[in-house]
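**Student:** One structure is given below, represented as structure tokens, and several questions about it will come after.
What follows is calculated from the coordinates using simple rules that are stated; it is not laboratory data. Since this is a predicted model, take the numbers as computed values, not measurements. Virtual Cβ from ideal backbone geometry, glycine too; neighbours counted across all protein chains shown.
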Amino acid sequence: MKDLEATLILALKSAKHYLTGGDLEKLCSASRKAIVSTIESLLERGYRIEEVPGEGYRLLETPHSLDGSDLKTLMRTSKLGCEILVFRRVGSTNDVAIELARSGSPEGTLVVAEEQTRGRGRLGRSWFSPPGTGLWFSIVLKPSLKAEDVVTVSLAVALGVAEVLRKSYSIPAELKWPNDVVVGARKICGILTEGDFVEGHIESVVVGVGINVLNEPDDFPPRLRDVATSIRIETGVSPSRSQVLTDILEGVEKRYLELCEKGFPSLRHDILKLSGLIGKLITVETAASKIVGLAHDIDRDGALVVRLENGTHQRIIAGEVSRLL
Ligand code: BTN
């Protein structure tokens, strides 16, 4: 049923004129009854489809809310989004994706939610995920990598997101190791990577991505107003979230496949280029300590290398980084 929906929407989107019921039957290889009931279900979900007697059907508008069939028609990826689940409301898309990964869902499965009631951030924080403004989604990945390389997956995804924001939306996005995408001092995208490991290898990893798209400054709670931004705030335009999602998935897929095929060193140069931290004075809080130093490098394994005051270098594989200057 879902594939008929996607085919029908695509046919209506591609048509220059009205399409008759007969045209749709042929284009979708479906019966008239199936076409009529699919159109009824699309109308109920917010699609605006005009029907003119003697002419046929015309698509006037797709819904503002996220819709799985519409996403399928926009998707230009080969792997990511091979299966798409869209929820109106869910606790956390990462929790759903982790369950799906454990029960055998294929690599590329995408879980998207209009709203999360228990959106999670890194280090046990909550992630503000109201309906209608942002993109909250998780992707199931199954790379052949060692457990300690999981940070390179986060970096590859963050690079893909930042590049799309720069190229397609003209936003000067930068990376903040290990997995934030920022514009100046404000965060536009956060990434939460959670893996299942077997004998030192990644069995599956769920990459959860939260991107602020349509938020105005007042849409953020006061605690986030000075530290968060959105595509709308940065550009003054309000792109469709479905379009942003499909653009981002395309960029992320490119970098993820590169990581799988060529390894992290192939991405490292571009990651360093977009890393706003390198050369800056930072603090890093790890589970064990807090250090201050100059962000010096991101090494061939994806670790952050910090130059300490005494001239020595320390490799950081996990931690919370803040810029001091
Ligand atoms: C962070 O910056 O702390 C990471 C934020 C990650 C948020 C996303 S939204 C989709 C996915 N589901 C979650 O519960 N969290 C991630």
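**Student:** Normalised by the number of residues in the stretch 273-325, what is the relative contact order in percent for Cα pairs under 8 Å and 6+ residues apart?
**Tutor:** 36
**Student:** For the stretch 17-59, build the charge dipole from Cβ charges (+1 Lys, Arg; -1 Asp, Glu) around the Cα centre, then report which of Gly21, Val52, Ser37 sits farthest towards its positive end.
**Tutor:** The residue sitting farthest along the positive end of the dipole is Ser37.
**Student:** Below 8 Å between Cα atoms, with a sequence gap of 6+, how large is the relative contact order for the stretch 214-325 in percent?
**Tutor:** In percent, rounded to a whole number, it is 17.
**Student:** Let me ask something additional. Translational diffusion coefficient, Stokes-Einstein: compute it for the stretch 2-61 using the Kirkwood radius over C-alpha pairs as Rh, at 10 °C and 1.306 mPa s, and state it as an integer in µm² s⁻¹.
**Tutor:** 142
**Student:** Show me the ranking of peptides 247-260, 60-73, 300-313 by mean Cβ neighbours inside 10 Å, starting with the highest.
**Tutor:** 247-260, 60-73, 300-313
**Student:** Give the angle, between 0 and 90 degrees and rounded to the nearest 10, that separates the Cα long axis of helix 93-102 from the longest principal axis of the Cα atoms of the chain.
**Tutor:** 90
**Student:** Continuing with the same structure: Return one number: the angle in degrees, 0 to 90 and rounded to the nearest 10, between the long axis of the Cα atoms of helix 32-44 and the longest principal axis of the Cα atoms of the chain.
**Tutor:** 50
**Student:** A follow-up question, please. Which value in Å does the Kirkwood hydrodynamic radius of the chain take, with 1/r averaged over all unlike C-alpha pairs and then inverted?
**Tutor:** 21.1
**Student:** Got the relative contact order for the chain handy, in percent, Cα pairs under 8 Å and 6 or more residues apart?
**Tutor:** The normalised contact order for the chain reaches 13 percent.
**Student:** Show which lysines lie in cross-link reach of Lys13 when reach means a straight Cα distance below 22 angstrom and same-chain residues fewer than eight apart are skipped.
**Tutor:** Result set, ordered by chain and number: Lys2, Lys26, Lys33, Lys72.
**Student:** Cβ neighbours within 10 Å, averaged per peptide: list 213-220, 138-145 in order, most packed at the top.
**Tutor:** 138-145, 213-220
**Student:** Which of the lysines could be linked to Lys290 by a straight reach, that is with a Cα gap under 20 Å, when you skip same-chain ones fewer than 8 residues away?
**Tutor:** Lys176, Lys280
**Student:** At what distance in angstrom do the alpha carbon centres of the stretch 158-228 and the stretch 91-105 lie from each other?
**Tutor:** 20
**Student:** Debye calculation, C-alpha points only, no solvent: report log10 I(q)/I(0) for the stretch 151-205 at q = 0.27 Å⁻¹, in the same order as the q values.
**Tutor:** With no solvent term, the Cα-only Debye profile gives -1.00.
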